[in-house]
Amino acid sequence: MTGGLNGDTSDKNQTRYTYSPVHQEAAVCCVPMAGRIAPYYVQYMWLKGDRSLVASVLGPSRIETTVEGKPVVVDEQTNYPFENTFRFVVTADSRFALKIRKPDWVKKFTVSESYREADGFIVIDKTWKGTENVD
């Protein structure tokens, strides 16, 4: 079994690019990785930043966390990718930014709250009071 990126075999411990035509000595990259797609997708749906929550990957989800020590719950309600409408139900009593990734293919959209666009995200920075919907 030989392998390496672009034919480089100098690192004998490197197995990432190893190829085994009968799949006995090296893991087949695509098949074992297929089972990781959904967990990785879900794992990175929500990220926390400084005084912000980031919806980095779109899809139905719920996050219960704290932002600057205060409890925050966000339910993302959608049938994406089968429909292109989203509702974020935010329950919080604090100020933070909700950042929603805007896919590159989106050319026209509406948001029910005041927002700004920054670095490919729709940013709603406000003081949240109780339960509020963002459509």
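Quick notes on this one:
- With respect to (1) surrounded by 15 or more Cβ atoms within 10 Å (Cβ to Cβ); (2) at pLDDT below 95; (3) closer than 30 Å to G130 by Cβ; (4) small (G, A, S), the lone exception for G49 is condition (1).
- Within segment 94-116, the set of residues being charged (D, E, K, R) and touching a strand residue (DSSP E or B) at 6+ places or on another chain (Cβ under 7 Å) comprises R95, K99, R101, K102, E113, R116.
- For segment 68-80, the criterion of being at pLDDT below 95, assigned to a strand (DSSP E or B) and over 21 Å from V134 (Cα atoms) is met by no residue.
- Positions within segment 98-125 being surrounded by 17 or more Cβ atoms within 10 Å (Cβ to Cβ) and more than 16 Å from the chain's Cα centre (by Cα), in sequence order: Y115, I124
The values are calculated or read from the model by the stated rules, or taken from the named source; none is laboratory data. Predicted model, so just to flag it, every value in this text is computed and none were measured. Glycine also receives a Cβ, built like all others from the backbone with ideal geometry; neighbour counts cover every protein chain displayed.
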